[in-house]
């Protein structure tokens with residue numbers, strides 16, 4: 001099992017993830033890690049339908065995901081992890097799950113957030129969490145789609 | 001351009017800078033604005049894309065709303081031409097069939113000098 005992409009995206013599985021990233025990485029397994037999605041039957045049905053044929057989907061709570069990592073029970077050979085909330089990624093890393101690079105490509109505008117890029121809107125709280133992730137050794141990259149250039153997220157924030 | 005002006009058809013724009021809640025709201029507003037109880041078809045681009053995902057959610061909550069993904073012009077024309085004559089399921093099947101028949105390529109061996 002190889003983790004080929006860890007994505008932070010509030011839209012979870014949509015065109016960029018379902019089509020672009022899945023194709024480019026050749027992933028055969030998508031894993032959505034979100035307590036909210038895992039506990040919502042309607043969202044689960046919608047996510048199932050959004051997955052391309054030939055790719056499997058697993059929807060886990062953060063706790064379940066940590067458990068599966070610890071017991072080395074993550075299915076698939078090439079895996080994409082998709083998160084909705086930065087704090088969920090922090091929990092995983094703090095529990096000892098190794099995430100060397102985090103791809104950020106779907107943080108959308110809300111009143112409490114400042115817009116840095118098209119799909120990079122962050123609140124003060126989001127930035128604090130990203131700083132913690134960086135301190136724990138996670139490289140933070142802003143890249144919406146595979147053909148876009150990568151940018152270092154902390155540099156983008158600092159440039160403001 | 002092909003058929004001339006049409007009634008009861010709206011387009012919903014999606015910029016890609018918006019999150020799902022904004023798109024959901026825009027699509028719902030458009031559906032309400034149509035004032036149509038017999039049936040509404042939302043046509044989106046790809047299966048699994050955000051417009052599809054939002055339309056899928058709405059169609060599960062609002063019964064007269066149906067969804068077709070993979071829009072192309074033959075599909076859209078079929079709906080606009082037949083929507084007054086066909087029942088909803090018949091219209092959807094016919095539209096999908098037109099859409100599927102409506103794509104192809106010019107085979108090189110049929111071209112002069114090819």
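Miscellaneous remarks
- Listed conditions (1) loosely packed, with under 13 Cβ neighbours inside 10 Å; (2) in a loop (DSSP other than H, G, I, E, B) are all met by residue A:23, apart from (2).
- When A:20, A:135, A:37 are screened for being over 14 Å from the mean Cα position of the chain (by Cα) and in contact (Cβ under 8 Å) with a residue 12 or more places away in the chain, only A:20 passes.
- The set of residues in region A:75-84 that are crowded, with 18+ Cβ neighbours inside 10 Å and out of contact with any strand residue (DSSP E or B) (no Cβ under 6 Å at 6 or more places or on another chain) contains only A:84.
- Taken over region A:1-23, the criterion of being in contact with a strand residue (DSSP E or B) (Cβ under 9 Å, 6 or more places away or on another chain) and more than 11 Å from chain B (Cβ to nearest Cβ) is satisfied by A:1, A:2, A:3, A:4, A:5, A:6, A:7, A:8, A:21.
- Just one of the listed residues (A:117, A:113, A:160) is away from chain B (no Cβ under 14 Å), farther than 22 Å from residue A:1 by Cα and more than 16 Å from the chain's Cα centre (by Cα), and it is A:160.
- Scanning region B:15-41 for residues that are facing chain A (nearest Cβ under 10 Å) and in contact with a helix residue (DSSP H, G or I) (Cβ under 7 Å, 6 or more places away or on another chain) yields B:20, B:23.
- Residue A:91 vs. criteria in a helix (DSSP H, G or I) and out of contact with any helix residue (DSSP H, G or I) (no Cβ under 8 Å at 6 or more places or on another chain): no
- In region A:50-65, the residue that is surrounded by the most Cβ atoms within 10 Å (Cβ to Cβ) out of those that are in contact with a helix residue (DSSP H, G or I) (Cβ under 6 Å, 6 or more places away or on another chain) and assigned to a helix (DSSP H, G or I) is A:50.
- Enumeration of residues in region B:42-67 that are assigned to a loop (DSSP other than H, G, I, E, B), more than 11 Å from the chain's Cα centre (by Cα) and at the interface with chain A (Cβ under 10 Å from one of its Cβ atoms): B:47, B:48, B:49
Only the coordinates and a few stated rules stand behind these numbers; no lab work does. Model, not experiment: these values are computed from the prediction. Cβ coordinates were reconstructed from backbone atoms using ideal geometry, including for glycine residues, and neighbour counts include every protein chain displayed.
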